[in-house]
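The values are calculated or read from the model by the stated rules, or taken from the named source; none is laboratory data. In this text, all values refer to a predicted model and were calculated from it rather than measured experimentally. Because the Cβ atoms are built from the backbone with ideal geometry, glycine has one as well, and the counts that use them run over all protein chains shown.
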Amino acid sequence: MDMLILTTAVSKTEGDRMTSSVWLQRDEDFQPGVELFRSERFFSLWSYSATHSQLLLRADRLPGSDSRLPTTVEVLFTPITAVRMQDGYNGLLIRCATDEEAASIEREITIYRPEEARVLILESEGVSGHVVTLAAAWREGVLSHLLPSLFNTVSPYYPVWPTKPLAGVGGEVDIASPQEVAEAFLAGLPEGVRRERRGSVYLLTAVTETNGRRSRHNVGVFLTEADAEEAMRLVEPHVQRCWVEPLSTVL
């Protein structure tokens, strides 16, 4: 195994994709000095959302490898009030700070910090950082290429296809610069881009039912029929019914 979770994992299923999910937010979940999570994977800083101050780390490879593993592991901290971390970790250990460590870090925080916020230590290759947060979570699963994150999937309460790793304002870190957008527009698509995606799109529509009332939602528009059908498979468990229909585009 490439990963060891030292707290009790709660297995769950979303379609056939999710293998485990852990959410920690109670006082008893955070005992001083206790190790919470350990993995040998390479973790990168993947996303930050100003909404609820969410911070996401992702790992789908081992250090030094270009080959993706069958599953993706994501770690979420929310909401955060202070953070000191690297943009990547060759292996990651997360533990609760000791009372002495927490007191030292809290003295450096000059903004308001909720009393219930916990100080978590991030360690990798002899280097340590920290996150001050109210909750920590991680998930492991087979992440569809259509979904931006294991933490931002289709909800039956808001059936709109997610486009960012985290919901809310600024839910991504890697955003193309204006220069990159201009170059793509002027020079055209790079070699290898699937040209057959142009000319038609596929609309995924769903019907939900709440308190006996049915509502129809346009969940998302996809560039290929295969993508739309994959999205439909992921949406089906959460709605009354859904379907895909092709739409012609004017280029």
Original post:
Looking only at residues in the range 95-127 that are surrounded by fewer than 18 Cβ atoms within 10 Å (Cβ to Cβ) and of a type in the set (K, R), which one is modelled with the lowest pLDDT?
Top reply: R113
**OP:** Tell me which residues, restricted to the range 210-233, are polar (S, T, N, Q) and farther than 22 Å from S248 by Cβ.
**Re:** T210, N211, S215
**OP:** Pull up the range 44-85, narrow it to residues that are polar (S, T, N, Q) and closer than 26 Å to E115 by Cα, then point me to the one that is nearest to the chain's Cα centre (by Cα).
**Re:** S47
Original post:
When you scan the range 1-43, how many residues do you find that are of a type outside the set (K, R), assigned to a loop (DSSP other than H, G, I, E, B), in contact with a helix residue (DSSP H, G or I) (Cβ under 9 Å, 6 or more places away or on another chain) and at pLDDT 50 or above?
Top reply: 2
**OP:** Please give the number of the condition T208 fails out of (1) surrounded by fewer than 16 Cβ atoms within 10 Å (Cβ to Cβ); (2) modelled with pLDDT of 60 or more; (3) in contact with a Ser or Thr (Cβ under 8 Å, 6 or more places away or on another chain).
**Re:** (1)
**OP:** Scan the range 223-238 residue by residue and report those that are surrounded by 16 or more Cβ atoms within 10 Å (Cβ to Cβ) and either without any contact (Cβ under 8 Å) to a residue 40 or more places away in the chain or not assigned by TED's automatic domain parsing to the domain that holds T205 (or both).
**Re:** L223, A228, M232
Original post:
Within the set of pairs 6+ apart or on separate chains, which have a first residue in the range 121-132 that is more than 9 Å from Y89 (Cα to Cα), a second that is part of a loop (DSSP other than H, G, I, E, B), and C-beta atoms under 6 Å apart?
Top reply: I121/A97; L122/M85; G129/M85; V132/A117
